[in-house]
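The values are calculated or read from the model by the stated rules, or taken from the named source; none is laboratory data. All values derive from a computational prediction rather than experimental measurement. Note: ideal-geometry Cβ built from the backbone for every residue, glycine included; neighbour counts use all protein chains shown.
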Amino acid sequence: DQQVKQNSPSLSVQEGRISILNCDYTNSMFDYFLWYKKYPAEGPTFLISISSIKDKNEDGRFTVFLNKSAKHLSLHIVPSQPGDSAVYFCAASVRNNKFYFGSGTKLNVKP
Amino acid sequence: ETGVTQTPRHLVMGMTNKKSLKCEQHLGHNAMYWYKQSAKKPLELMFVYNFKEQTENNSVPSRFSPECPNSSHLFLHLHTLQPEDSALYLCASSQENSLEQYFGPGTRLTVT
């Protein structure tokens, strides 16, 4: 059973607008969450993380929001740029190095 | 060379072949991982090695056999695979007490 779900396989956004990628999880014991970005023919690269003691973490154009009661996290990219076009994976763990990944959302930022 | 490297990048093998995937990390990390990514599915953790010791085997069939001779190198030995084993195999590494994993580019495996 999939413990981390990304229900939108793809998202298309105009350059300069906000991109919102969503992720839901089922295990309330998860206490650490990450977002990875993957370009074709490359491995995923770490983007941003958040601990369950926080509800928001910001790094430049990227902000991750965590809603523990809803078991939901989201990644906001603003403003979106064409170079942000990639597949985005969310991942969750119970403070160890065993991570559960979502199936990814392909973001296309149109110039 | 820096980061996490994987060889080969592409591999086609028959069901009776034996092959090995190699991963090397140049980051001084002490944990290494194998993941499998099938089409339109999440990354699935296969194996975890901490300080060269296997600490996780996520119910992986025995036709996949990992080997970690030192904390910089990780192998995945393959034998008598099935067509459904065709996937992207990703290696990752991390530092102890850090939850950020660094991934290699992956090996695209096709079993015919």
Pairs, first within 8 Å of another protein chain (Cβ to nearest Cβ) in the range B:85-108, second of a type in the set (Lys, Arg), C-beta under 8 Å, six or more apart: B:Leu90/B:Lys36; B:Leu99/A:Arg95; B:Pro105/B:Arg9; B:Gly106/B:Arg9
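Quick one: which strands (runs of 3 or more DSSP E) lie wholly within chain B and hold at least 1 residues that are of a type in the set (Ser, Thr, Tyr)?
Qualifying strands (runs of 3 or more DSSP E): B:4-7, B:18-25, B:31-37, B:44-50, B:53-57, B:64-70, B:87-94, B:107-111.
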Residue that is modelled with the lowest pLDDT [pool: residues in the range B:18-51 that are more than 8 Å from chain A (Cβ to nearest Cβ) and on the phi > 0 side of the Ramachandran plot]: B:Phe51
Leading residue by the ranking (farthest from A:Thr105 (Cα to Cα)) among those in the range B:35-65 that are of a type in the set (A, V, I, L, M, F, W, C) and over 11 Å from the mean Cα position of the chain (by Cα): B:Phe51
Residue list for the range B:55-64, restricted to those being under 13 Å from A:Asn97 (Cα atoms) and modelled with pLDDT of 80 or more: none
Residues (out of contact with any helix residue (DSSP H, G or I) (no Cβ under 7 Å at 6 or more places or on another chain), part of a strand (DSSP E or B), over 19 Å from A:Val4 (Cβ atoms) and in contact (Cβ under 8 Å) with a residue 24 or more places away in the chain) located in the range A:63-82: none
Number of positions in the range B:72-84 that are in contact (Cβ under 8 Å) with a residue 60 or more places away in the chain and touching a strand residue (DSSP E or B) at 6+ places or on another chain (Cβ under 6 Å): 4
Flag if B:Met15 is of a type in the set (A, V, I, L, M), out of contact with any helix residue (DSSP H, G or I) (no Cβ under 8 Å at 6 or more places or on another chain) and either within 13 Å of chain A (Cβ to nearest Cβ) or in contact (Cβ under 8 Å) with a residue 60 or more places away in the chain (or both): no
Yes/no for B:His29 being surrounded by 13 or more Cβ atoms within 10 Å (Cβ to Cβ) and over 20 Å from A:Gly43 (Cβ atoms): no
Any hit, the range A:22-35, residues being among the aliphatic types (A, V, I, L, M), assigned to a loop (DSSP other than H, G, I, E, B), touching a strand residue (DSSP E or B) at 6+ places or on another chain (Cβ under 9 Å) and under 25 Å from B:Ala31 (Cβ atoms): no
Hits in the range A:56-111 - residues which are closer than 19 Å to A:Asp24 by Cβ, at pLDDT 95 or above, surrounded by fewer than 18 Cβ atoms within 10 Å (Cβ to Cβ) and within 14 Å of chain B (Cβ to nearest Cβ): A:Asn57, A:Lys106
